[in-house]
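The values are calculated or read from the model by the stated rules, or taken from the named source; none is laboratory data. Computed from a predicted structure; not experimentally measured. Here the Cβ positions follow ideal geometry from the backbone for every residue, glycine too, while neighbour counts run over all protein chains shown. Accessible surface is based on the protein model in full, side chains and every heavy atom, while ligands, DNA and RNA are left aside. Shrake-Rupley method; radii C 1.70, N 1.55, O 1.52, S 1.80 Å.
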Amino acid sequence: MSESLNQQLAELHAERVRTWAPEALKINVDQRLHLVDQARTLDFVKAGDSVEPFELLPVEGGTLTLQQLLANGPAVLVFFRFAGCPACNIAIPSYERTLQPALRERGVPLVAVSPQVPERLVEIRDKHALTLQVASDKDNTLGRRLGILYSFDEASRQASLAKGSGIGEVTGTGTWELPQPAVVVIGTDRRVHFAEVSPDWLVRTEAQPIIDAVDALLASTGQQARRA
């Protein structure tokens, strides 16, 4: 049996413990702990929330609207930080293997969303030959509305700059804001039927709870799994 997503992320952290300088590791761990401790969970997107119309920018070009996503049934959004994020390069390919086939079988679109500009997001799609959609949330507009954004603390900013560029240059947004990893299942009623946000980016939602939420939504609305 293949390892779970969170087992893979735990191994990433264990590798860092073995190989990173103590000062660098401390900055990384402290930021994650701070985000968990200070998480404004009441602001996070949650089941029952109404989703206002939005527009994403697919890496292939054009636009992707909420109306288009819900044209044939529910949709699933997975928020990630940016194309070069090591944890995201574990999580998104894992969803491609474990989540995308199940959702495709049900006719449900899966979109991986990052604020990074589309031309730079192409990297993660091509690197992993993703069939799920990858799209940019320009200016973190949707992430802000869903209450899932965070900003680098001062130590993390200095560590980023020491590598040669701030995260705003990497993403093309010009800001220190990124989304916390999140999964949102949206029904045709434009309401959230499942939402999970992880302030610690080395902890992510496994595929099965997402599949279960989609199945429950399809059953509750009398829809059958639609085979693509």
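General observations
- Within the stretch 127-140, the only residue that satisfies the criterion of being under 14 Å from the mean Cα position of the chain (by Cα) and part of a helix (DSSP H, G or I) is N140.
- Close contacts from the stretch 105-126, counting a first residue that is more than 21 Å from W176 (Cβ to Cβ) and part of a loop (DSSP other than H, G, I, E, B) and a second that is of a type in the set (G, A, S) and open to solvent by 10 Å² or more (accessible area, probe 1.4 Å), with Cβ to Cβ under 9 Å and a gap of 6+ residues or different chains, come to R106/A225; R106/A228; G107/A225; G107/A228; V108/A102; V108/A225.
- Scanning the stretch 24-48 for residues that are part of a helix (DSSP H, G or I), surrounded by 10 or more Cβ atoms within 10 Å (Cβ to Cβ) and among the charged types (D, E, K, R) turns up K26, D30, R32, D43.
- Of all the criteria given as (1) in contact with a helix residue (DSSP H, G or I) (Cβ under 9 Å, 6 or more places away or on another chain); (2) under 17 Å from C85 (Cα atoms); (3) open to solvent by 70 Å² or more (accessible area, probe 1.4 Å); (4) not hydrophobic (A, V, I, L, M, F, W, C), the one not satisfied by S2 is (2).
- Residues in the stretch 128-156 that are open to solvent by 40 Å² or more (accessible area, probe 1.4 Å) and either without any contact (Cβ under 8 Å) to a residue 40 or more places away in the chain or touching an Asp or Glu at 6+ places or on another chain (Cβ under 6 Å) (or both): H128, A129, T131, D139, R144, S151, E154.
- Restricting the stretch 175-193 to residues that are of a type in the set (V, I, T) and in contact (Cβ under 8 Å) with a residue 60 or more places away in the chain, the residue that is farthest from R32 (Cα to Cα): T188
- Unmet criterion (only one of (1) open to solvent by 20 Å² or more (accessible area, probe 1.4 Å); (2) within 25 Å of V122 (Cβ to Cβ)) for A159: (2)
- Out of F80, F54, one residue alone is in contact (Cβ under 8 Å) with a residue 60 or more places away in the chain, open to solvent by less than 60 Å² (accessible area, probe 1.4 Å), out of contact with any Phe, Trp or Tyr (no Cβ under 7 Å at 6 or more places or on another chain) and within 20 Å of W201 (Cα to Cα). It is F80.
- Strands (runs of 3 or more DSSP E) within the stretch 141-226 that include 2 or more residues closer than 24 Å to Q7 by Cβ, at pLDDT 95 or above and hydrophobic (A, V, I, L, M, F, W, C): 182-186, 192-197
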